[in-house]
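Novice: I have a structure I would like to understand better, so I am pasting it below and will then ask my questions one at a time.
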Amino acid sequence: MKLIALIIAACFTLALAVPCCLSAQAMSSVAQTPPMGWNSWNHFAEKVTDADVRAAADALVSSGMRDAGYIYVNIDDTWEGKRDANGVIQTNEKFPDMKALADYVHSKKLKLGIYSSPGPKTCAGYEGSYNHEEQDAKTYAAWGIDYLKYDLCSFSEIMKQQAPNDTAKQYAMMREAYAKMHRALVATGRPIFYSLCQYGWDDVWKWGPSVGGNAWRTTGDISDNYDRMSVIGFAQAGLAKYAAPGHWNDPDMLEVGNGHMTRDQYITHMTLWAILAAPLLAGNDLSKMSPETHDILTNRDVIAVDQDALGKQGDRVWAEGPYEIWMKPLSGGARAVALFNRGERAAEMTLHLDAVGVKSAQGRDVWAGKDLGKLTGSYATTVPGMGAVLLILR
């Protein structure tokens with residue numbers, strides 16, 4: 001009888017555990033490749049409205065970006081209103097009906113993302129999720145939200161107040177704050193991509209997966225200039241081993257098309273993010289996108305490098321002065337190889353194939369759209385100043 005009772009108890013425990021486990025697996029399954037989509041902040045910042053988000057969804061479809069893989073439409077900070085008498089988060093006047101907006105985005109075969117903070121306030125001073133994590137997760141699920149960007153913001157002040165001069169305890173509090181929201185999201189039963197935004201503190205790439213992160217910011221904020229973009233991007237060297245299907249390093253959103261970099265600089269930006277298997281979240285005004293911007297963002301070969309099913313992040317394999325070569329392993333033994341010229345003038349660069357583990361290969365210059373035939377030993381090409389050349393070797 002005692003054995004039977006133990007078996008019944010075990011079965012009951014398993015029955016309770018399975019839905020949770022399945023939900024956790026579903027959370028990971030939404031991130032088998034890095035997310036692609038659009039985020040409102042880089043262009044619209046605090047001025048974003050329901051109409052802007054609908055227009056972005058329309059433009060993703062009409063431009064062909066959705067069919068190229070850009071499926072998330074993410075609202076950043078400043079959508080939040082006050083909480084009602086029961087503590088349920090409300091939207092503000094810029095977003096009169098979030099459920100209706102989600103339904104509209106879903107009708108376009110796209111997904112809707114939202115933003116919050118583990119602190120009492122967001123970075124822009126709006127309502128955060130502090131002490132309302134389960135409640136907010138349920139609200140997001142009821143609205144039909146598919147992506148949550150969770151930005152540390154004011155929670156850092158709570159860390160300092162509750163653990164003054166104790167960095168280790170502060171970081172433990174931070175990790176638990178992110179784990180708490182992950183548990184709340186899992187409990188809803190809705191697969192929601194979970195993006196940790198805490199600027200790379202405490203080597204987040206080492207513990208991000210343990211708190212449910214599908215992606216984690218490795219840096220501070222990007223801006224639309226070459227110096228900031230390149231500092232962030234090239235600083236990702238050495239982090240490749242922490243990325244894998246379900247969990248990605250995130251050097252922040254794309255600035256392509258926002259107008260303060262040259263074409264060659266934007267090509268460096270897009271090439272580097274693809275080699276890094278980084279999230280590709282466009283941050284421009286999609287309704288006013290130039291053909292040049294469209295072509296950079298929708299280059300199918302570049303996207304294929306980022307989205308390759310092998311799920312490997314690339315890394316630097318050679319550097320000398322302002323010149324760098326990075327390599328990303330691809331499915332089927334292929335390699336993506338990027339030659340970066342961080343100098344101001346065009347320069348000839350030579351790739352020695354043995355540096356990327358091959359003796360000969362069929363080559364393709366992705367941005368030139370040109371097949372190079374069989375390459376043996378080495379390959380020399382001119383790389384524009386602050387530009388890049390992206391090769392596929394098979």
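Novice: Quick one: which strands (runs of 3 or more DSSP E) sit completely within the range 75-130 and have at least 1 residues that are within 24 Å of ALA31 (Cβ to Cβ) and of a type in the set (A, V, I, L, M, F, W, C)?
Specialist: Qualifying strands (runs of 3 or more DSSP E): 111-116.
Novice: Additional query: If you take the residues of the range 281-329 that are of a type in the set (Asp, Glu) and under 18 Å from VAL366 (Cα atoms), which of them is surrounded by the most Cβ atoms within 10 Å (Cβ to Cβ)?
Specialist: ASP306
Novice: Would you be able to tell me the number of residues in the range 268-295 that are within 18 Å of SER223 (Cβ to Cβ), in a helix (DSSP H, G or I) and more than 16 Å from the chain's Cα centre (by Cα)?
Specialist: Number of matching residues: 2.
Novice: Related question: Just to be sure, is MET159 modelled with pLDDT of 95 or more, over 26 Å from TYR72 (Cβ atoms) and surrounded by 18 or more Cβ atoms within 10 Å (Cβ to Cβ)?
Specialist: Against the criterion (modelled with pLDDT of 95 or more, over 26 Å from TYR72 (Cβ atoms) and surrounded by 18 or more Cβ atoms within 10 Å (Cβ to Cβ)), MET159 qualifies.
Novice: Could you say whether any residue in the range 192-214 is polar (S, T, N, Q) and within 20 Å of TRP38 (Cβ to Cβ)?
Specialist: Taking the range 192-214 and keeping what is polar (S, T, N, Q), we get 195, 198, 210, 214.
Okay, now just the ones that are also within 20 Å of TRP38 (Cβ to Cβ), so 195, 214.
Looking for residues that are polar (S, T, N, Q) and within 20 Å of TRP38 (Cβ to Cβ), one finds at least one in the range 192-214, hence yes.
Novice: Still on this structure, I have one more. It is to be established whether one or more residues within the range 245-256 are farther than 19 Å from TYR323 by Cβ and among the small types (Gly, Ala, Ser).
Specialist: Within the range 245-256, one or more residues are farther than 19 Å from TYR323 by Cβ and among the small types (Gly, Ala, Ser).
Novice: Out of the residues in the range 45-61 meeting the condition of being closer than 15 Å to TYR115 by Cα and free of Cβ contacts under 8 Å to residues at least 60 places away in the same chain, tell me which one is surrounded by the fewest Cβ atoms within 10 Å (Cβ to Cβ).
Specialist: Of everything passing the filter in the range 45-61, LYS47 is surrounded by the fewest Cβ atoms within 10 Å (Cβ to Cβ).
Novice: Which one of these is of a type outside the set (D, E, K, R), buried (at least 21 other Cβ atoms within 10 Å of the Cβ) and farther than 30 Å from ALA55 by Cα: ALA380, ALA336?
Specialist: Result of the check over ALA380, ALA336: ALA336.
Novice: Select from the range 309-332 the residues that are in a loop (DSSP other than H, G, I, E, B) and in contact (Cβ under 8 Å) with a residue 60 or more places away in the chain and write down the one among them that is farthest from LEU276 (Cα to Cα).
Specialist: Filtering first and then ranking leaves ALA309.
Novice: Something else: Condition (residue is in a helix (DSSP H, G or I), farther than 24 Å from GLY37 by Cα and hydrophobic (A, V, I, L, M, F, W, C)) applied to the range 145-156: is it met by at least one residue?
Specialist: For the range 145-156, residues in a helix (DSSP H, G or I), farther than 24 Å from GLY37 by Cα and hydrophobic (A, V, I, L, M, F, W, C): present.
Novice: For the range 178-193, what are the residues that are over 20 Å from the mean Cα position of the chain (by Cα) and either in a loop (DSSP other than H, G, I, E, B) or not small (Gly, Ala, Ser) (or both)? Before the answer, list the steps.
Specialist: Filtering the range 178-193 for residues over 20 Å from the mean Cα position of the chain (by Cα) gives 180, 183-184, 187-189.
Within the range 178-193, LYS180, ARG183, THR188, GLY189 qualify.
Novice: Is it the case, given these coordinates, that TYR140 is in the same structural domain as ALA277 (by TED's automatic domain parsing) and either over 25 Å from the mean Cα position of the chain (by Cα) or under 30 Å from HIS294 (Cβ atoms) (or both)?
Specialist: It is false that TYR140 is in the same structural domain as ALA277 (by TED's automatic domain parsing) and either over 25 Å from the mean Cα position of the chain (by Cα) or under 30 Å from HIS294 (Cβ atoms) (or both).
Novice: Under the condition of being out of contact with any Phe, Trp or Tyr (no Cβ under 8 Å at 6 or more places or on another chain) and within 24 Å of ASP252 (Cα to Cα), which residue from the range 174-199 is surrounded by the fewest Cβ atoms within 10 Å (Cβ to Cβ)?
Specialist: Among residues in the range 174-199 that are out of contact with any Phe, Trp or Tyr (no Cβ under 8 Å at 6 or more places or on another chain) and within 24 Å of ASP252 (Cα to Cα), the one surrounded by the fewest Cβ atoms within 10 Å (Cβ to Cβ) is GLU176.
Novice: Hey, another quick one. Being loosely packed, with under 14 Cβ neighbours inside 10 Å and either at positive phi or assigned to a strand (DSSP E or B) (or both) is the filter here; which residues of the range 351-377 pass it?
Specialist: If the condition is that a residue be loosely packed, with under 14 Cβ neighbours inside 10 Å and either at positive phi or assigned to a strand (DSSP E or B) (or both), then HIS352, GLY357, SER360, GLN362, GLY369, LYS370, ASP371, GLY373, LYS374, THR376, GLY377 are the ones that fit.
Novice: Go through the range 378-394 and report how many residues are part of a strand (DSSP E or B) and not β-branched (Val, Ile, Thr). Working first, answer last.
Specialist: Step one: list which residues in the range 378-394 are part of a strand (DSSP E or B), which gives 378-383, 388-393.
Now narrow it down to the ones that are not β-branched (Val, Ile, Thr): 378-380, 388, 390-391, 393.
Within the range 378-394, residues that are part of a strand (DSSP E or B) and not β-branched (Val, Ile, Thr) number 7.
Novice: Within the range 73-101, track down each residue that is in contact with a Gly (Cβ under 6 Å, 6 or more places away or on another chain) and surrounded by fewer than 22 Cβ atoms within 10 Å (Cβ to Cβ).
Specialist: Residues satisfying the conditions are GLN90, THR91, ASN92.
The values are calculated or read from the model by the stated rules, or taken from the named source; none is laboratory data. Since the model is a prediction, treat every value here as computed from it, not as a measurement. Glycine gets a Cβ as well: all are built from the backbone with ideal geometry, and neighbour counts include every protein chain shown.
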